[in-house]
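The values are calculated or read from the model by the stated rules, or taken from the named source; none is laboratory data. What you see is a predicted model; the values in this text were computed from it and never measured. Cβ placement follows ideal geometry from the backbone for every residue including glycine, while neighbour counts extend to all protein chains displayed.
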Amino acid sequence: MRKDWILSIRQTLSECIRAQGIFFTCRFKREHRPPPGNGNTPLYILGKDECKMKKYKTADLHKKVRGKGISTISVHAGEERFRYADSVTTPIVQTSTYAFKNSAHIEAYTRHGHAHFEYGRYGNPTEKVAQDRLSALCGAEDCVIFGSGMSAITTTILALVKSGDHIIITDDAYKKTLEFCSSYLQRFGVDCTIAPFGDYAGLEKSIRPSTRFIVSESPTNPYLNIFDLERLHDLGKRYKLLTMIDATFSTPYNQCPFDYGIDIVLHSATKYLAGHNDILAGVVLGRKELIEEIRALHKAIGGVIDPHCCYLLLRGMKTFALRMEKHNQTGLEVARFLQAHPRVKRVYYPGLESHPHHDIAKAQMTGFGGVISFDIKGALKDAKRFLDNLHLCYIAPSLGGVETLITHPAMVSYYSLNRKERYALGITDTLLRLAVGIEDASDIIADLDQALRAK
Ligand SMILES: Cc1ncc(COP(=O)(O)O)c(C=O)c1O
């Protein structure tokens, strides 16, 4: 069909939907978008070749490769410059379905692939803006957004395996991810090896002809271990495996696994990306062909994010760079304070020289985030007394939001295990995980100090 016809149909569709009070994002194919920087287009999104093995530090990468700084990308990427009613913010398109104007319109969409939203489970304009922003932020060709991080992880894994396949996961992955891989996947005939984190030789030995991919995290929870992404990429390349990293704790502000050739990156966007402890969301990012496979299953499984949540995600992302800078600064300051505290036995924070993976963290990351785990001196009763005396920090799971949260893994995530089982996993009675928010570091420190000293 002639290009001018296509454009005029697009214009008609757009006007028709605008007339119904619906904001419509014209879904130009990327190659048809005008070059970045004219003020009317989404910001530049990385191409496949540019994603591969660029050895930039993440902060430089944002400037050199993406053409814009990370703060600018966080605020603008994915958004049309002028949108419904010329609003400065992205409208929430609160609809579960989309109307066709007439039968010709249906056929233009179904037969000729014209841009149109069809049904809420297959996409939404507010979600599309969030997708484009996340792809730009993370340096990915494409992404899919989900209603939670776990939905992103489980759908991604299911989309990429079949019965008879084998996968490898490292042992300090998020507890629910481990549970899904080691028990639920077996029901579908997918075998799983849990490899000890950091044992690269052991990891290599566990690779079989049927191995499809290796999945890990960096940093991990609760010990903030760092995976050497170059070694992961090397294994993937030599054995022709897909490599997958849950980068929730590092965020695209501090680390870009695509720089190292990692195939798939996952985030629980519930955490730093949304950043306000008010929504659940997840995202999987990667090359277009892989993401298409995942998107197809996502449409069937249906773990979608709703438009209002997408708006909150977009709004959260506007301050992403500012928040991350603060999390990084406060994280380091609080970690140093805890390390020097007489009531603290040990601190786990990759920004501290005492962390076993500090060198890899320094090479791979540009900041270390806001999560700090620490063991206090004493026994369970001392950990309880410490928690009970906190005034500013909320006792709550999760991380990456503006409020400082603290959790006691033994009593929360691992409560179902007995002491012996917990200790075998390194979850002691006195281990605490702090996720600093964006309050003043001095106030967080004062709260921790008085609670540590409480009798
Ligand atoms: C590293 C990591 N991945 C995934 C998840 C799951 O994300 P969600 O809670 O958004 O489902 C979490 C949750 O805490 C997490 O910490």
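Search segment 273-294 for residues that are under 10 Å from L312 (Cβ atoms) and in contact (Cβ under 8 Å) with a residue 40 or more places away in the chain and pair each with any residue that is of a type in the set (G, A, S) and not in a loop (DSSP other than H, G, I, E, B) when their beta-carbon atoms are under 6 Å apart and the residues are at least 6 apart or on different chains.
Close Cβ pairs satisfying both conditions: A274/G316; G275/G316; H276/G316.
Report, by residue number, each residue of segment 163-178 that is polar (S, T, N, Q) and either at pLDDT below 95 or within 16 Å of the ligand (Cβ to nearest atom) (or both).
T170, T177
With segment 85-160 as the region, which helices (runs of 4 or more DSSP H) entirely inside it contain at least 1 residues that are surrounded by fewer than 15 Cβ atoms within 10 Å (Cβ to Cβ) and either outside the structural domain of L280 (by TED's automatic domain parsing) or in contact with a Pro (Cβ under 9 Å, 6 or more places away or on another chain) (or both)?
103-110
Quick grid of which residues meet (1) assigned by TED's automatic domain parsing to the domain that holds A396; (2) surrounded by fewer than 24 Cβ atoms within 10 Å (Cβ to Cβ):
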{"position": "L273", "(1), (2)": "no, no"}
{"position": "I279", "(1), (2)": "no, yes"}
{"position": "R295", "(1), (2)": "no, yes"}
{"position": "G303", "(1), (2)": "no, yes"}
{"position": "V344", "(1), (2)": "yes, yes"}
{"position": "H358", "(1), (2)": "yes, yes"}
{"position": "G370", "(1), (2)": "yes, no"}
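Within segment 257-271, can you find the residues that are at pLDDT 95 or above and either in the same structural domain as G331 (by TED's automatic domain parsing) or not aromatic (F, W, Y) (or both)?
Selection gives P257, G261, I262, D263, I264, V265, L266, H267, S268, A269, T270, K271.
Report yes if T430 is among the hydroxyl-bearing types (S, T, Y), under 25 Å from M324 (Cα atoms) and surrounded by 14 or more Cβ atoms within 10 Å (Cβ to Cβ), otherwise no.
no
How many of the residues in segment 259-283 are under 15 Å from I214 (Cα atoms) and among the hydrophobic types (A, V, I, L, M, F, W, C)?
4
Please pick out the residue among T407, T428 that is of a type in the set (S, T, Y) and more than 16 Å from the ligand (Cβ to nearest atom).
T428
(1) touching a helix residue (DSSP H, G or I) at 6+ places or on another chain (Cβ under 6 Å); (2) more than 13 Å from the ligand (Cβ to nearest atom): which one isn't true of Y272, the others all being true?
(2)
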